[in-house]
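Input: a single structure, listed below in structure tokens.
The values are calculated or read from the model by the stated rules, or taken from the named source; none is laboratory data. This one's a predicted model, so the numbers in the text were calculated from it and none came from an experiment. Positions of Cβ are generated from backbone atoms using ideal geometry, with glycine treated the same way; all protein chains shown enter the neighbour counts.
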Amino acid sequence: MHGRSCRRLTLALALWVVPLAFAKEPMTPGARIALIRGLVKEIAVNKVPLPRGKKGIFVEYPGKLDKGKADAELRVNGLAIKPGMPVEITKLTFKSDEIVFEINGGGKKRSKWYQHIEIGMGGTTQPVTRETPELAYGSWIKLTFPGKVPTLTVAEVKQALGSVLDWERHAPTVLYTPTVSPRFKEAIKNHQVLAGMDRDAVLSSKGAPDRRVRETRNGVEQEDWIYGLPPHVLFVTFDGDTVVAVKQY
């Protein structure tokens with residue numbers, strides 16, 4: 001009787017645990033669309049170093065950073081984004097067992113289509129241009145799952161990525177009232193950008209840029225944030241975390 005009771009108890013526990021483990025249904029098309037709408041162009045502040053390269057960092061659901069892989073990617077590919085920097089989710093890619101979040105355009109060097117074309121005569125060819133690919137200033141965060149990606153809400157995804165992204169610090173009412181100079185506060189209030197601002201201040205003033213272009217000029221890496229379309233375009237140039245030039249066309 002005792003053995004039979006134990007078997008019944010074991011079966012009952014198994015039936016109780018299994019539904020909890022598989023409580024969420026696989027990701028539905030509607031849930032994917034909701035995540036894309038709720039997260040693409042979203043701004044957060046980075047908590048951990050993000051590497052360049054093709055892989056980025058891995059976060060195991062419900063929120064554990066794989067630090068070993070992250071450190072290995074940093075050693076091989078170098079740092080793309082240091083902790084404390086505002087970042088933008090620029091794309092979501094859904095795979096069978098992971099969601100890939102492209103950060104600041106991704107971590108691979110980018111080349112223009114015409115840089116892959118060569119011309120010549122006979123057996124000799126040469127590229128039409130000798131421009132070097134733009135240096136990547138982005139990365140990836142991969143949220144991985146033990147099985148198929150389940151249906152998740154925007155709030156659940158933000159919670160899962162909470163170990164690597166701070167979703168609250170970019171609010172101007174939190175960041176700027178106690179720390180920013182009166183001159184920059186006034187500029188933020190009027191949606192203006194001034195030399196000397198940091199990235200957080202620019203994001204609060206103008207929001208996320210329409211485009212980012214990162215180049216090496218005179219041996220120094222700089223990044224342009226570009227707002228608007230011709231004929232009215234604003235270029236904000238960063239050297240590190242500081243605005244060094246603002247040009248309005």
Quiz prompt | Subset of the stretch 183-240 that is touching a Lys or Arg at 6+ places or on another chain (Cβ under 7 Å) and of a type in the set (Val, Ile, Thr) - its residue that is farthest from Leu79 (Cα to Cα) | solution = Val193
Practice problem: Among the residues of the stretch 43-61, write down those that are of a type in the set (D, E, K, R) and surrounded by 19 or more Cβ atoms within 10 Å (Cβ to Cβ). | Solution: Arg52
Quiz item: Are there any strands (runs of 3 or more DSSP E) wholly within the stretch 1-116 with 3 or more residues that are closer than 27 Å to Val154 by Cβ and at pLDDT 95 or above, and if so which?
Solution: 57-60, 86-94, 98-103
Self-check item: Matching residues, the stretch 139-163, being β-branched (Val, Ile, Thr), surrounded by 15 or more Cβ atoms within 10 Å (Cβ to Cβ) and not in a helix (DSSP H, G or I)
Solution: Ile141, Thr144, Val149, Thr151
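Could you check, for the stretch 225-232, whether at least one of its residues is in contact with a strand residue (DSSP E or B) (Cβ under 7 Å, 6 or more places away or on another chain), in contact (Cβ under 8 Å) with a residue 40 or more places away in the chain and either among the small types (Gly, Ala, Ser) or within 27 Å of Val48 (Cα to Cα) (or both)? Please lay out each step first, then the result.
If we filter the stretch 225-232 for residues that are in contact with a strand residue (DSSP E or B) (Cβ under 7 Å, 6 or more places away or on another chain), which is where we start, we get 225-228.
This time we only want the ones that are in contact (Cβ under 8 Å) with a residue 40 or more places away in the chain, so: none.
So far as the stretch 225-232 goes, no, none of its residues is in contact with a strand residue (DSSP E or B) (Cβ under 7 Å, 6 or more places away or on another chain), in contact (Cβ under 8 Å) with a residue 40 or more places away in the chain and either among the small types (Gly, Ala, Ser) or within 27 Å of Val48 (Cα to Cα) (or both).
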Exercise. Hey, could you check the stretch 206-235 for residues that are over 20 Å from the mean Cα position of the chain (by Cα) and surrounded by 13 or more Cβ atoms within 10 Å (Cβ to Cβ) and say which is modelled with the lowest pLDDT?
Key: Gly228
